[in-house]
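All remarks here apply to the structure that follows.
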Amino acid sequence: MIARHLGMLTAWYVGAYAVGMLPLTVLTAQAGPPGGPDLLVIASGLVAVAAATALGYAVGTVTGSTVAVPLVAVGAYLLDAVAVYGANAAAPYVPQLSYEPLLGESEPLTLALFRTVFFLTVATACAGTAAAFLRWNARGRRAPTRHAASVAGCLMPAVIVGVIPAFAATPATYVADPAPQRSCLTQRGIEYCVHAGHAARLDQLVAAFDPVLDRYGTKPAAITKIWDQGLLPSHPMGGPTTNGTLIAPLKADGSVDTLSSGLTATLLGFHSCPASGPAEDTFAVYRDLETYLRTGRNTGAFANMNERQVKQWIHTHRTRLEGCTLTDKDLPST
């Protein structure tokens, strides 16, 4: 009876999930970036749906009450919360990973394989739990200790498989392609590169950063490259790497996130400033200079200077800017 009931439920739920995801999978494979569907990752998703179905069936069988419905709903919510906030530590156990992969990232084979085995084990254990309870009830054996023993026996395989990662290093949720293909060009001595999947957006990357660098007027010492985040997806943003590379996210809405790259902060030397920021008597100049770099408008201390004069001032004080050591003697005369 278990095989027929649970088999029918699983077929419906897994089938509905597969039918719903199939068009999206096909469209992504045809029009998406380089790469293709990862069959093992797809399998882990299908098995996760089967595991959730078997878990719900087992809970319903054990409780025999409608109280199980809100309990399962709360449990599902908690799992979703773990998926969102649990990050890498929860990745082997929850159906939904904590964030979506970026271009240039993929789920590692070991994690996908473990998740598939774990969810399959959970499904089998839950089906065994439901079958054991039905057998005990059919024989009129309703002793709580026997019920507890059957539950423990059926869930033990899932527990054993589940604790395996506790004795190993926390798995990475995604791994970056070690040698991604890229498209590049050089402008004003800065190398711009995008992932091959973003090749059509190379000019857009340049157009987002070049006007700011043009207003700066001189080649910044701290920046040698500006790369698409797809080339270095696991590297933190907000400032240049040790080799002078700024990382820029190319958003799915077609925009380029220059703010997250830390471009203006790097040009103004904010990374060299103390935690409290620039000196109080020069803070206004930094603010006015940031406005100029972002918008091209001369305000405050630079209101009476034209663009050529601002560029000359930046060139003269570049070393102090990059080191966050401007003093009141360096301020533009008004």
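The values are calculated or read from the model by the stated rules, or taken from the named source; none is laboratory data. What you see is a predicted model, and the numbers here were worked out from it, not measured in a lab. Positions of Cβ are generated from backbone atoms using ideal geometry, with glycine treated the same way; all protein chains shown enter the neighbour counts. Surface areas here come from the heavy atoms of the whole protein model, side chains and all, with no ligands, DNA or RNA. Shrake-Rupley method; radii C 1.70, N 1.55, O 1.52, S 1.80 Å.
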Exercise for the section: Scan (1) in a helix (DSSP H, G or I); (2) open to solvent by 10 Å² or more (accessible area, probe 1.4 Å); (3) not aliphatic (A, V, I, L, M) for the single condition residue 240 breaks and write down its number. Expected result: (1)
Exercise for the section: Search the range 1-52 for residues being in contact with a helix residue (DSSP H, G or I) (Cβ under 7 Å, 6 or more places away or on another chain), open to solvent by 70 Å² or more (accessible area, probe 1.4 Å) and modelled with pLDDT of 85 or more, and hand back the single one that is nearest to residue 121 (Cα to Cα). Expected result: 13
Practice task
List the number of the failed condition for residue 112; all other conditions in (1) open to solvent by 30 Å² or more (accessible area, probe 1.4 Å); (2) part of a helix (DSSP H, G or I); (3) of a type in the set (A, V, I, L, M) hold.
Solution key: (1)
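What are the residues in the range 243-262 that are farther than 18 Å from residue 200 by Cβ and open to solvent by less than 30 Å² (accessible area, probe 1.4 Å), if any? Spell out the reasoning first.
Step one: of the range 243-262, the residues farther than 18 Å from residue 200 by Cβ are 243-247, 258-262.
244, 245, 246, 247, 261, 262 - these are the residues of the range 243-262 that are farther than 18 Å from residue 200 by Cβ and open to solvent by less than 30 Å² (accessible area, probe 1.4 Å).
Only one residue in 265, 301, 284 is of a type in the set (A, V, I, L, M, F, W, C), surrounded by 13 or more Cβ atoms within 10 Å (Cβ to Cβ) and touching an Asp or Glu at 6+ places or on another chain (Cβ under 8 Å). Which one? Give the derivation first.
Numbers: 265 fails: touching an Asp or Glu at 6+ places or on another chain (Cβ under 8 Å); 284 fails: touching an Asp or Glu at 6+ places or on another chain (Cβ under 8 Å).
Step by step, each of 265, 301, 284 is checked, and only 301 is of a type in the set (A, V, I, L, M, F, W, C), surrounded by 13 or more Cβ atoms within 10 Å (Cβ to Cβ) and touching an Asp or Glu at 6+ places or on another chain (Cβ under 8 Å).
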Problem - Checklist (1) open to solvent by 20 Å² or more (accessible area, probe 1.4 Å); (2) closer than 30 Å to residue 199 by Cα applied to residue 319, failing item - result: (2)
Fill in the blank from the handout: Flagged pairs (Cβ under 6 angstrom, 6 or more apart or on separate chains; first in the range 26-38, over 17 Å from residue 175 (Cβ atoms); second of a type outside the set (A, V, I, L, M) and at pLDDT below 75) are 29/36
Problem - When residues of the range 91-106 are limited to those that are within 18 Å of residue 46 (Cα to Cα) and among the aliphatic types (A, V, I, L, M), the one most open to solvent (accessible area, probe 1.4 Å) - result: 97
Exercise for the section: Check whether at least one residue in the range 187-200 is more than 24 Å from the chain's Cα centre (by Cα), of a type in the set (D, E, K, R) and assigned to a helix (DSSP H, G or I), and report yes or no. Expected result: no
Practice task
Check residue 220 against each of (1) touching a residue at least 40 places away in the same chain (Cβ under 8 Å); (2) assigned to a loop (DSSP other than H, G, I, E, B); (3) open to solvent by 20 Å² or more (accessible area, probe 1.4 Å); (4) under 23 Å from residue 332 (Cβ atoms) and name the one condition it does not meet.
Solution key: (3)
Problem - The listed residue being under 17 Å from residue 183 (Cα atoms), modelled with pLDDT of 90 or more and among the acidic types (Asp, Glu), out of 228, 214 - result: 228
